[in-house]
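Before any comments, here is the structure.
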Amino acid sequence: MQSESKEEYEEFLKKLIKRLEVAQQNAPKGRLKILKKGGHYEYYYCEAGVGSSRVSARYLSKNEDALIKALVQKEYDKKLLREASEQLKKMKRKPENVGAESLEHVYYDLTDARKQLINPRMNLRRETIQEWLDAPYEGKGFREGDPEIYTEAGERVRSKSEKMIADKLRLLEIPYKYECPMELKGYGTIYPDFTLLNKHTLQPAILEHFGIMDDPEYSANAVAKVRTYERNGIFLGQNLFLTFETAQTPFDARSLETILADFI
């Protein structure tokens, strides 16, 4: 399950099932057959099941767009209703095997021709994650003379350790933004090294790398920064994760798999 409690997810399923049952009652009769002709699609209304020798198919023009969408929605809603009902049954037996990903796959398993015609009935995480990644922001920027260090994806960062982190996050498929600004009470604008998005819960988190911990002034500032995060409701191990290194103890990117296990 996502970040919801068992009770919250069960309530979500019940409401979804009720909406889908009403939608099925109001859906038009018949089914839709889609054929690809060249670079476009043609739509046909079928009174009987697709593939039956008794199918009576009628071509649907663009003027019948509402019927086309309603027929595709009907078939999708039927499959989603079946999956949601199965999940609700499992809630009492094996709730750990229940989650929104199975519901989302009902949509993702559709052909592209059908996807573009329906309402998924729920927020889809892939789309939400992409929207989060695509949202523009202005980072901290670099000064002339700063070292030019780039990740495997061509993104400029400030240190070799940050490059290791960025490359590892990409390898683990954890969505992130580098030095995305945020406002903290008592501090002002801050540029966390990495802002992460948990692709399962869609909740953001901060990942800070402290790379000169053997410098007393640097380490004191690091502690003050963490305290400021805490005063703003950002807590270590929940939505704040830290990595460290000193001159004698270099950073090991392999530790991220353990630190960010819930994000993978």
Here is a check on your reading of the model: is P192 under 29 Å from the mean Cα position of the chain (by Cα), assigned to a loop (DSSP other than H, G, I, E, B) and closer than 16 Å to S161 by Cα?
yes
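For the stretch 244-253, how many residues meet the condition of being under 13 Å from E162 (Cα atoms) and either of a type in the set (D, E, K, R) or loosely packed, with under 10 Cβ neighbours inside 10 Å (or both)? Spell out how you get there, then give the answer.
Within the stretch 244-253, the first condition is being under 13 Å from E162 (Cα atoms), and the residues that meet it are 244-245, 250-253.
Next, only the ones that are either of a type in the set (D, E, K, R) or loosely packed, with under 10 Cβ neighbours inside 10 Å (or both) stay: 245, 252.
Count: 2.
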Inspect the stretch 91-105 for any residue being surrounded by fewer than 14 Cβ atoms within 10 Å (Cβ to Cβ) and either β-branched (V, I, T) or assigned by TED's automatic domain parsing to the domain that holds F194 (or both) and give the result as yes or no.
no
Given the conditions (1) modelled with pLDDT of 95 or more; (2) among the acidic types (D, E); (3) in the same structural domain as E64 (by TED's automatic domain parsing), which single one is not true for D112?
(1)
Test E173 against the criterion of being out of contact with any strand residue (DSSP E or B) (no Cβ under 7 Å at 6 or more places or on another chain), modelled with pLDDT of 95 or more and assigned to a loop (DSSP other than H, G, I, E, B), and give yes or no.
yes
Determine the pairs where a residue that is of a type in the set (S, T, Y), located within the stretch 68-89, has a partner that is surrounded by 18 or more Cβ atoms within 10 Å (Cβ to Cβ) and outside any helix (DSSP H, G or I) with Cβ atoms under 7 Å apart, the partner being 6 or more residues away or on another chain.
Y76/L110; Y76/I118
Consider the stretch 211-222. How many of its residues are within 19 Å of G186 (Cα to Cα) and either surrounded by fewer than 11 Cβ atoms within 10 Å (Cβ to Cβ) or touching a Lys or Arg at 6+ places or on another chain (Cβ under 7 Å) (or both)?
1
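Out of R143, R126, I need the residue that is more than 30 Å from R231 (Cβ to Cβ) and not hydroxyl-bearing (S, T, Y). Which one? Steps first, please.
Working: R143 fails: more than 30 Å from R231 (Cβ to Cβ).
Exactly one residue qualifies, and that residue is R126.
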Residue among E208, E173, E179 that alone is crowded, with 16+ Cβ neighbours inside 10 Å and under 16 Å from L256 (Cα atoms):
E208
What is the residue count in the stretch 117-142 for residues that are surrounded by 12 or more Cβ atoms within 10 Å (Cβ to Cβ) and acidic (D, E)?
1
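The values are calculated or read from the model by the stated rules, or taken from the named source; none is laboratory data. None of the values given here were measured: they were computed from a predicted structure. Cβ atoms come from the backbone with ideal geometry, glycine included; neighbour counts cover every protein chain shown.
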